[in-house]
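The values are calculated or read from the model by the stated rules, or taken from the named source; none is laboratory data. Because the structure is predicted, anything quoted here is derived from the model rather than measured. Reconstructed Cβ throughout: ideal geometry from the backbone, glycine too, with neighbour counts over all protein chains shown.
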Amino acid sequence: LVKAVILIGGNQKGTRFRPLSLDLPKPLFSVAGFPIIQHHIEACVQIPFLKEIIILGYYGVSEMSQFVGEMVQLYKLNIRYLQEFEPLGTAGGLYHFRDQIRCGNPDFFFVLNGDVCADFPLIEMLEFHKTHRETQKAIVTLMATEATRQQSLIYGCIIENKENNTLEHYVEKPSTFISTLVNCGVYIFSPEVFHQMANVFNKKQMDFYNVENGSSIEREALYLEKEILMPLAGTGKALVYQTVKWWSQLKTPGAAIYANRHYLNLFRERRPERLAKSVQPTIIGDVYIHATANVHPTAVLGPNVSIGAHATIGYGTRIKESIVLAHSRILDHSLVLYSIIGANSEIGCWTRVEGTPCDPNPDKPFAKMENAPLFNDEGRLNPSITILGNNVTIPSEVIVRNSIVLPHKELTRSYNNEIIL
Ligand code: GDD
Ligand code: GTP
């Protein structure tokens, strides 16, 4: 029996995803027509003998319950949301809810970071863990991928013993170069790992009582990377499964446009019925249109466009490399490029909404998305995709370029490289 846990954090996290995460937990933001973590769930339901998916975070239960209900209906599987009483770190929640994870006696459980996107090779990884675990007595397999030298520093860095695929050395976000092999935030654990967690946890409790100002210690929080994986390096108990399939972090809105393209592309291979096929409107490349959206036959959409529920796409519009969320209206003859249009927003006629992609450098093998800082040295906004928060209104005949518009704004003119608060 196998289980899966998806770590989603909570409201204090995901700040880089603003303004899109202001009204909705970031894990529920829609990419390629489906909430970010529904892509994780779809990968998990393919695993043979998967009995339960536990979503772990500190968002309020009320923010997650509708989504979880829909997932249970759709996949006919035990899917639960468990809320941490405070941010418990990447392993604190696993430890706190260990009885929920262990019940039913799973042989293995997956842990997936909710803020990555990938063509998750979970079945292959499980086969790998099963076959290598016997000889190595391993209790965890980490998914790893190649990054560039410079970009590796923002990830957990791995040195692998190539002879037996064990984790030789691990450093979380090193300050100097360690290795271009990085942690993807996708793991398989054997339940023995809870012993390891118990040791770390109990040590923390001792520290809490022994240190004078113990209250300043994060008593209950545990960190998977530093406190569990690092000590396992060199012991032979951690295995490395390297993937060459598509993988990326999904931390910024720019990454959502990138993930949108890749997930649509995977649909072409595996779920072609989800992609729009029509002559009117004209569809170029991979496009997802929700069944309830209203797209005018003269519109031209694609490549890499997702149109949400009840959206209205007007006469002669052109949309490319963008996500248009539910209930938005794009009026006649307007153009949307490299942008995210928040729910319930309206773009007037003959208007142009345009952003700049932040794709990985195609000339560098293994390059990942660049998460450029918001502002450059002159205090100007760095070129980025254009993002309209929810309920934004843009008038007719203006140009909004490389800008970020907070929710509930009514613009009256054109903007270039600005944050509109
Ligand atoms: N439930 C819960 N509680 N989840 C949390 C908490 C918490 O207190 N804190 C973070 N998370 C979730 C986040 O939502 C995310 O899915 C995952 O845990 C890791 O988040 P971070 O702690 O922000 O780490 P990171 O994303 O910078 O780095 C991690 O992922 C990289 C791959 O994307 C590390 O595991 C790196 O080693 C790894 O390379
Ligand atoms: P090329 O297509 O490479 O010649 O450049 P382009 O300037 O037309 O490309 P751009 O990326 O600016 O636009 C992408 C698509 O949107 C093209 O098919 C354009 O014809 C179309 N387009 C550009 N501007 C507008 C506009 O203001 N309104 C509408 N409806 N479509 C536009």
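Just one of the listed residues (Glu42, Glu84, Glu70) is closer than 28 Å to Asn390 by Cβ, within 12 Å of ligand 1 (Cβ to nearest atom), under 20 Å from the mean Cα position of the chain (by Cα) and charged (D, E, K, R), namely Glu84. Can you tell me which residue in the stretch 258-280 is farthest from ligand 1 (Cβ to nearest atom), limited to those that are of a type in the set (A, V, I, L, M) and at pLDDT 95 or above? Among those residues, the one meeting the criterion is Ala276. Check the stretch 58-65 and report whether any residue there is surrounded by 16 or more Cβ atoms within 10 Å (Cβ to Cβ), within 27 Å of Arg133 (Cβ to Cβ) and not aromatic (Phe, Trp, Tyr). No; the residues of the stretch 58-65 include none that is surrounded by 16 or more Cβ atoms within 10 Å (Cβ to Cβ), within 27 Å of Arg133 (Cβ to Cβ) and not aromatic (Phe, Trp, Tyr).
Selection of the stretch 87-112 for residues being of a type in the set (Phe, Trp, Tyr) and closer than 27 Å to Thr131 by Cα yields Tyr95, Phe108, Phe109, Phe110. Of all the residues in the stretch 218-264, those that are touching a helix residue (DSSP H, G or I) at 6+ places or on another chain (Cβ under 6 Å), among the acidic types (Asp, Glu) and either closer than 21 Å to Pro174 by Cβ or not in a loop (DSSP other than H, G, I, E, B) (or both) number 1. The numbered conditions (1) surrounded by 19 or more Cβ atoms within 10 Å (Cβ to Cβ); (2) within 25 Å of Lys26 (Cα to Cα); (3) modelled with pLDDT under 95 are all true for Ala138 except (2).
Residues in the stretch 340-361 that are within 12 Å of ligand 2 (Cβ to nearest atom), of a type in the set (Ser, Thr, Tyr) and modelled with pLDDT of 95 or more: Thr351 alone.
Note on the stretch 128-175: residues that are part of a loop (DSSP other than H, G, I, E, B) and either free of Cβ contacts under 8 Å to residues at least 24 places away in the same chain or closer than 25 Å to Glu370 by Cα (or both) amount to 10. Of all residues in the stretch 1-25, none that is within 27 Å of Phe189 (Cα to Cα) has its Cβ atom under 6 Å from the Cβ atom of a residue that is within 16 Å of ligand 2 (Cβ to nearest atom) and of a type in the set (Gly, Ala, Ser), 6 or more apart or on another chain. Residue-level analysis places Glu225 among those that are within 13 Å of ligand 1 (Cβ to nearest atom), crowded, with 18+ Cβ neighbours inside 10 Å and farther than 21 Å from Thr135 by Cβ. Of the residues contained in the stretch 10-19, one or more are found to be among the charged types (D, E, K, R), farther than 17 Å from Val116 by Cβ, assigned to a loop (DSSP other than H, G, I, E, B) and under 15 Å from the mean Cα position of the chain (by Cα).
Residues in the stretch 322-339 that are crowded, with 20+ Cβ neighbours inside 10 Å and farther than 17 Å from Ile399 by Cα were compared, and the one that is nearest to ligand 2 (Cβ to nearest atom) is Val324. Any residue at all in the stretch 157-169 that is at pLDDT below 95 and within 14 Å of ligand 1 (Cβ to nearest atom)? No, the stretch 157-169 contains no residue that is at pLDDT below 95 and within 14 Å of ligand 1 (Cβ to nearest atom). For the stretch 117-124, the criterion of being surrounded by fewer than 16 Cβ atoms within 10 Å (Cβ to Cβ), more than 9 Å from ligand 1 (Cβ to nearest atom) and under 21 Å from Gln196 (Cβ atoms) is satisfied by no residue at all.
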